[in-house]
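So the structure is just underneath, and the comments pick up after that.
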Amino acid sequence: MNRRNMIKTSVATFMALTTASFAEGESKEKKTKTKKSDNPRVVVVGGGWSGLSMAKSVKSFVPNAEVTLVEKRDHFFSCPVSNPWLFDMVDTEFMVHSFIDAAKTHDYTFLQATATGLDQKKNILNTTEGDLNYDYLVFATGIEYDYDVWTHGDKKLENELRSTYPAGFIGGSEHLTLKRKIKNFKGGNFIITVPSGNYRCLPAPYERAALLADHFKRNKIDGKVYLLDANNSITIKEEGFASAFKKLHKDHLVHLSDAQILEFDLEKKEVETDFDTIKFEDASFYPNVKAPKLLEDLGLTIKTAYNRVEANLDVYSNKFKGTKNIYGCGDIRPMGFSKSGNTAYTEGANVARVIANEIYGKKSTWASPTTVCISILSKDPIHEISLVSEYKYGSKGETQFNSTFTDEKWETNGLGAQKTQYAWAQGMFDNMFYA
Ligand SMILES: Cc1cc2nc3c(=O)[nH]c(=O)nc-3n(C[C@H](O)[C@H](O)[C@H](O)COP(=O)(O)OP(=O)(O)OC[C@H]3O[C@@H](n4cnc5c(N)ncnc54)[C@H](O)[C@@H]3O)c2cc1C
């Protein structure tokens with residue numbers, strides 16, 4: 001099939017879906033796109049770093065596949081680089097991208113809809129815009145927050161934490177609110193938390209704390225960042241972060257280890273840990289993370305050593321255990337890889353290869369995703385530290401590092417002068433949306 005025909009196929013599929021979605025008076029059953037096509041139908045749920053990579057890669061490995069990306073958001077807002085964005089180091093245009101552009105560049109179909117259910121026997125995905133048939137289904141739905149570790153079922157407290165002190169670890173409104181809070185902050189203690197478990201983006205809370213302390217210093221704000229860390233030490237790039245906290249930010253940043261919050265008193269604006277009671281003027285409480293409730297409701301999750309709810313995947317194929325054609329990738333995974341964008345992107349391509357091999361009747365061999373993670377420690381001048389890791393499995397399928405290279409000598413490494421984080425992100429945006 002030539003490129004022109006591929007675009008036609010995508011447009012035809014999209015028209016079929018949208019027509020079905022808006023056809024008046026028809027039952028949901030009738031709206032289902034039931035005609036079995038000769039081309040493999042691959043439906044990817046979630047247009048984040050892993051889903052965008054998956055949709056693009058399947059289309060490139062299996063050009064005649066009918067690939068549909070189902071994403072509930074209207075546009076893409078990047079979590080990577082969102083910390084510098086909070087401090088006006090990059091503008092919003094750099095962070096925001098169009099799913100329509102991604103689908104057009106890579107010849108697949110974008111459907112803005114929320115996946116709501118699944119009929120595994122009939123290979124049908126239910127969405128808010130009608131039902132979709134699939135031959136292969138991929139969940140790349142990212143994380144949700146697990147507030148229960150703090151709130152123990154107290155929904156009022158959870159709602160207040162979500163609405164008044166958002167975490168800013170799921171891209172979009174939370175980030176806009178956090179940016180406004182930082183802009184309006186006049187002084188006092190600002191709490192940021194680091195959760196336990198394998199949380200999304202290990203270095204990001206430390207990077208955010210460093211940039212917030214840097215903001216207080218540059219703007220002569222009498223503020224202090226209280227970084228309450230549920231872990232017993234800095235979880236990643238410890239040498240680089242610890243030395244930056246000491247040498248650059250000691251007047252505006254207090255890092256407390258083993259500081260799991262046990263109690264919130266939001267009226268008094270106080271939190272209690274095992275060792276301290278800390279008063280705050282403002283805060284961004286980042287709770288533990290989990291795989292989305294949809295997967296839990298579908299019986300596709302397990303408890304792991306890292307988090308209470310994660311996708312129940314075979315660690316070599318990323319196929320959901322007990323299913324024949326449903327895969328998962330990105331931050332939902334149960335493996336101990338870093339929950340980060342580069343990891344999700346490279347894993348998306350690896351799992352697309354597994355699906356392509358299955359379509360072509362070939363065997364797959366497991367390949368490690370790659371974690372690339374560059375953190376910014378200050379704005380003017382920019383100082384950066386970096387890490388690159390790959391993984392392997394132990395004899396029981398447990399995750400191990402195969403290799404890790406870090407560069408934490410921010411005073412001399414020259415990474416900041418090259419604005420390495422932005423350059424990396426630009427390359428990834430190009431990969432997902434434009435090239
Ligand atoms: C502040 C911050 C800084 C970070 N910095 C870096 C960094 O420098 N480098 C790095 O590599 N990583 C970084 N990360 C981590 C990175 O953002 C995540 O690891 C990455 O986004 C994970 O990709 P994903 O595809 O698994 O999930 P996501 O990117 O979250 O994508 C999931 C998508 O699924 C959609 N979705 C969910 N449920 C449904 C449904 N039912 N129906 C339809 N759509 C649905 C969501 O809307 C979302 O778009 C950072 C994260 C944060 C918060």
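Every number here is computed from the coordinates shown, using simple stated rules; none is lab data. On a predicted model such as this, the values are computed, not experimentally measured, just so you know. All Cβ positions, even for glycine, are placed from backbone atoms using ideal geometry, and neighbour counts span all protein chains on display.
Below, the figures for the structure above:
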{"read-out": "Helix 238-247 axis, angle to the chain major axis (alpha carbon atoms, nearest 10°)", "value": "40 degrees"}
{"read-out": "Label-point separation in nm, residue 409 to residue 297, each point 7 Å along Cα→Cβ", "value": "5.4 nm"}
{"read-out": "Whole-Å distance, taken between Cα centres, linking the stretch 283-333 and the stretch 100-170", "value": "12 Å"}
{"read-out": "Translational diffusion of the stretch 147-289, µm² s⁻¹ [Kirkwood Rh, Cα pairs; Stokes-Einstein; 37 °C; 0.692 mPa s]", "value": "216 µm²/s"}
{"read-out": "Electrostatic dipole magnitude of the chain [Cβ: Lys, Arg +1; Asp, Glu -1; Cα centre; debye, to 20]", "value": "1320 debye"}
{"read-out": "DSSP beta bridge pairing in the stretch 56-164, given as percent antiparallel to the nearest 5", "value": "70 percent"}
{"read-out": "HN-Hα J in Hz across the stretch 80-90 - Karplus 6.51, -1.76, 1.60, θ = phi - 60°, x for Gly and Pro", "value": "x, 6, 6, 5, x, 4, 4, 10, 6, 8, 9"}
{"read-out": "Cα long-axis angle, helix 204-218 against the chain (0 to 90 degrees, to the nearest 10)", "value": "40 degrees"}
{"read-out": "DSSP loop chymotrypsin sites (Phe, Trp or Tyr not before Pro) with at most 14 other Cβ within 10 Å excluded, longest remaining stretch of the chain", "value": "1-274"}
{"read-out": "Crossing angle, helix 49-61 versus the chain [Cα axis fit, 0-90 degrees, rounded to tens]", "value": "30 degrees"}
{"read-out": "Of 72/409; 122/363; 279/339, pairs whose Cα-Cα distance is over 29 Å", "value": "72/409; 279/339"}
{"read-out": "Inter-probe distance in nm under a simple model that places probes 7 Å from Cα toward Cβ, at residue 360 and residue 184", "value": "5.6 nm"}
{"read-out": "Spatially proximal aspartates and glutamates relative to residue 179 (Cα-Cα < 20 Å; intrachain offsets below 8 disregarded)", "value": "88, 91, 93, 160, 207, 214, 222, 281, 282, 380"}
{"read-out": "Relative contact order, percent, the chain [alpha-carbon distance under 8 Å, six or more residues apart]", "value": "17 percent"}
{"read-out": "Cα pair distances exceeding 34 angstrom across the chain, given as percent", "value": "33 percent"}
{"read-out": "Straight-distance crosslink candidates among lysines, where the alpha carbon sits under 18 Å from residue 59 and sequence neighbours closer than 8 are dropped", "value": "8, 104, 362"}
